[in-house]
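Undergrad: Below is a structure I'd like to ask you about.
The values are calculated or read from the model by the stated rules, or taken from the named source; none is laboratory data. The shown structure was predicted, so the numbers you read here are calculated from the model rather than taken from an experiment. Cβ: placed from backbone, ideal geometry, glycine included. Neighbour counts: every protein chain shown. Side chains are part of the model used for accessible areas, which takes the heavy atoms of the whole protein and leaves out ligands, DNA and RNA. Shrake-Rupley method; radii C 1.70, N 1.55, O 1.52, S 1.80 Å.
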Amino acid sequence: MICAPSFLSSNFSKLKEEILSIDQAKWLHFDVMDGKFVSNETYNHRILKEIKQYSNQVFDCHLMIEDPEKHVEDYAISGANFITFHYEATEHSDALIKKIKSLNVKAGISIKPDTEVSVLNELLKDIDLVLIMSVEPGKGGQKFMPCALDKIKYLNNKRKDNGFDFLIEVDGGIDFETAKKVKDVGADVIVVGSFIFNQENRNEIIKELENV
Ligand code: DX5
Ligand code: ZN
């Protein structure tokens, strides 16, 4: 699997050092929070330009924001490779997917734990990535919610039955044990925050997570 470390739980006072400590990861997960869609507020598109100075990883932007339509261009211009918005944050998911792809960026859609996965059915033919939240969005360090497993299984079956090629990414409470569980039901990408940043040998942990 691909491991996308989330630096939400890192030490922002030494951000460059923290990002360099996970330089073996192919992807980097940006948790963008606006204080409205979720109660916490983190950073905006400007951080992509800063990190791009010393990272050539795949920039995987998770927008936990209201009105994502108004902001996706900023992320595209700032170097995002994937822009993932929340199904619950817009009335026009299909139009937003098309807009992100028109910016030559891969389009992702995310659903919260309480949202039924079948709401995505009509979008699966166009989407590049589905992000299944295995915690309530808004902060790191929470416990994995097993309800995510059936959603991953459902998407994996839909993908196989229809020849779709979207990626399945899982986000929240991932460690060696839950990484194995989500891999076994079809996940391709795992977002890992606190499990990596709470330890020192981060690149080794990333390698192990990629090969669970
Ligand atoms: C939560 C974020 C997740 C979180 C993952 O709103 O979307 O990416 O940072 O952190 P851990 O791995 O600590 O659950
Ligand atoms: Zn995230």
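Undergrad: Kindly state, as a whole number, the per residue volume in cubic angstrom of the convex hull around the alpha carbon atoms of the chain.
TA: 108 Å³
Undergrad: Can you list the HN-Hα couplings for segment 175-184, worked out from phi with the Karplus curve (6.51, -1.76, 1.60; θ = phi - 60°), rounded to whole Hz and with x for Gly and Pro?
TA: Running phi through 6.51 cos²θ - 1.76 cosθ + 1.60 with θ = phi - 60° gives 9, 4, 5, 6, 4, 5, 4, 6, 4, 4 Hz.
Undergrad: What does the helix-only formula give at 222 nm for the chain: each DSSP H stretch with n ≥ 4 adding -39500 (n - 2.57), the total divided by the residues, and the result rounded to the nearest 500 deg cm²/dmol?
TA: After summing the helix terms and dividing by the residues of the chain, the value is -8500 deg cm²/dmol.
Undergrad: Between beta-carbons, use under 13 Å as the cut-off and find the net charge around Ile19, counting Lys and Arg +1, Asp and Glu -1.
TA: Neighbour charge sum, excluding Ile19 itself: 0.
Undergrad: Moving on. Please give the per residue accessible area of the chain, computed with a probe of 1.4 Å over protein heavy atoms only, in Å².
TA: 46 Å²
Undergrad: Between beta-carbons, use under 11 Å as the cut-off and find the net charge around Asn201, counting Lys and Arg +1, Asp and Glu -1.
TA: Once positives and negatives cancel, what remains is -1.
Undergrad: List the residues whose amide H sits under 5 Å from the amide H of Leu167, counting only those 5 or more places along or on another chain, with H placed 1.01 Å from N in the peptide plane.
TA: Leu129, Val130
Undergrad: If you count only protein heavy atoms and use a 1.4 Å probe, how large is the accessible surface of Lys16, to the nearest 10 Å²?
TA: Counting only protein heavy atoms, Lys16 exposes about 110 Å² to solvent.
Undergrad: Still on this structure, I have one more. With θ set to phi - 60° and the Karplus curve 6.51 cos²θ - 1.76 cosθ + 1.60, what are the ³J(HN,Hα) couplings of segment 95-102 in order, to the nearest whole Hz, using x for Gly and Pro?
TA: Once θ is set to phi - 60°, the couplings for segment 95-102 become 5, 5, 4, 4, 5, 4, 5, 5 Hz.
Undergrad: Under 5 Å between amide H atoms, partner at least 5 residues away or on a different chain: which partners does His86 have, H built in plane at 1.01 Å?
TA: Hits under the 5 Å cutoff: Ile65, Ser110.
Undergrad: Further, regarding this structure: Kindly report, to the nearest 10 Å², the accessible surface of Phe176 as traced by a 1.4 Å probe over protein heavy atoms only.
TA: 70 Å²
Undergrad: In µm²/s, what is D for segment 116-199 at 10 °C and 1.306 mPa s, where D = kT/(6 pi eta Rh) by Stokes-Einstein and Rh is the Kirkwood radius from Cα pairs?
TA: So the translational diffusion coefficient is about 121 µm²/s.
Undergrad: While we're here: Out of Ile47, Ile22, Ile196, any idea which swings most in a Gaussian network model of the chain, alpha carbons joined below 10 Å?
TA: Sorting by GNM fluctuation, first place goes to Ile47.
Undergrad: Can you tell me, using C-alpha contacts under 8 Å and at least 6 residues apart, the relative contact order of the chain as a whole percent?
TA: Answer for the chain is 22 percent.
Undergrad: Lysines within cross-link reach of Lys99: Cα-Cα under 16 Å, excluding same-chain residues under 8 positions apart?
TA: Straight-line reach from Lys99, under 16 Å: Lys70, Lys125.
Undergrad: If you don't mind, another one. Rounded to whole Å and sorted largest first, what semi-axes of the equivalent ellipsoid does the C-alpha gyration tensor of segment 7-102 yield via the square root of 5 times each eigenvalue?
TA: They are 24, 15, 10 Å, listed largest first.
Undergrad: Please tell me the relative contact order of segment 1-92 in percent, rounded to the nearest whole number, where contacts are Cα pairs under 8 Å and at least six residues apart.
TA: Once normalised by length, the contact order is 26 percent.
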